[in-house]
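Novice: What follows is a single structure, and I will ask about it in a moment.
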Amino acid sequence: MQFNDALLAALRGARHLVVFTGAGVSAESGIPTFRDALAGLWTQYEATQLASPEGFADNPALVWGWYEWRRMKVLRAQPNPAHAAIASLAGLTPRLTLITQNVDDLHERAGSADVIHLHGSIHQPRCFTCSQPYAYPPGIPDEPEGGRYLEPPRCGRCGGRIRPGVVWFGESLPAKAWNRAWQAAQDCDVLMSVGTSSLVWPAAELPEIAARRGATVIQVNPGETALDGWAAWNLRGPAGEVLPGLLEAMR
């Protein structure tokens, strides 16, 4: 793939590069996106039944079982070339801030440090009642019992049910993560949006914040998104192909 000289110059000259990733990056490691995961075994359920406080209160075994199914997929997945390229980019720019909408740890496993998780982490469950953190037992879980139902553990402090550590429908983003992301979007001179539909708010606002502040926005996505009009360059293709090529061209 050939890259525009002005694009490469913008990346090489970046003072503060923000990389903003979405579900498309993890999908290339075989992790189903949220919509993909509602197919097959889970197709009979509405999204709010599986990913909302009300859904968990109504049927905790169903929700916990679904998230354990997703966590099992994450634990068995491996970082892909896009994750590796993003980790390597940190060595080519004075400052790189990595912001992700993904709830897995593939960026960390690829070598990225201090990742900002806007939508929480599937590996950091907590009590539904008192928010006390819960530590998973070591190892990879088996397929949820019966394919879908699995009673959640109980909190050692208050006895409440343990919930997944992700942001559900109707919940606010973690304040610390959002504030750090917002500040980075305000401060950066280049923002690269990778593998995100740019439809989930308020996260989707970050590239627009950067663009309004004069930053150069670069988008990597196989298809058109709502961000197309804001991006100086729209690089079409899978992140696992585009980003390694971009990294090589920068060197």
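The values are calculated or read from the model by the stated rules, or taken from the named source; none is laboratory data. Just so it is clear, the structure is predicted and the values come from calculations on it, not from any experiment. Note that we place each Cβ from the backbone using ideal geometry, even for glycine, and neighbour counts take in every protein chain shown.
Novice: Could you go through the stretch 16-26 and let me know if any residue there is in the same structural domain as residue 210 (by TED's automatic domain parsing), polar (S, T, N, Q) and in contact with an Asp or Glu (Cβ under 8 Å, 6 or more places away or on another chain).
Specialist: First, the residues of the stretch 16-26 that are in the same structural domain as residue 210 (by TED's automatic domain parsing): 16-26.
From what's left, polar (S, T, N, Q): 21, 26.
Subset that is in contact with an Asp or Glu (Cβ under 8 Å, 6 or more places away or on another chain): 26.
Yes, the stretch 16-26 contains a residue that is in the same structural domain as residue 210 (by TED's automatic domain parsing), polar (S, T, N, Q) and in contact with an Asp or Glu (Cβ under 8 Å, 6 or more places away or on another chain).
Novice: To continue, here is another question. For the stretch 227-236, indicate whether the set of residues that are surrounded by 15 or more Cβ atoms within 10 Å (Cβ to Cβ) and either under 16 Å from the mean Cα position of the chain (by Cα) or on the phi > 0 side of the Ramachandran plot (or both) is non-empty.
Specialist: No, the stretch 227-236 contains no residue that is surrounded by 15 or more Cβ atoms within 10 Å (Cβ to Cβ) and either under 16 Å from the mean Cα position of the chain (by Cα) or on the phi > 0 side of the Ramachandran plot (or both).
Novice: Within the set of pairs 6 or more residues apart or between chains, which connect a residue that is in the same structural domain as residue 237 (by TED's automatic domain parsing) inside the stretch 194-219 to a residue that is among the charged types (D, E, K, R) with Cβ atoms less than 6 Å apart?
Specialist: 215/189
Novice: Please state which one of 17, 8, 75 is more than 20 Å from residue 162 (Cβ to Cβ), under 20 Å from the mean Cα position of the chain (by Cα) and in contact (Cβ under 8 Å) with a residue 24 or more places away in the chain.
Specialist: Matching residue, one of 17, 8, 75: 17.
Novice: On to the next question. On the given criteria, is residue 122 modelled with pLDDT of 95 or more, under 24 Å from residue 201 (Cβ atoms), outside any loop (DSSP other than H, G, I, E, B) and hydrophobic (A, V, I, L, M, F, W, C)?
Specialist: no
Novice: Condition (residue is hydroxyl-bearing (Ser, Thr, Tyr) and free of Cβ contacts under 8 Å to residues at least 40 places away in the same chain) applied to the stretch 40-48: is it met by at least one residue?
Specialist: Yes, that holds for at least one residue.
Novice: Let me spell it out: the conditions are (1) touching a residue at least 40 places away in the same chain (Cβ under 8 Å); (2) exposed (fewer than 15 other Cβ atoms within 10 Å of the Cβ), and residue 159 meets all of them except one. Which number is the exception?
Specialist: The number of the failed condition is (1).
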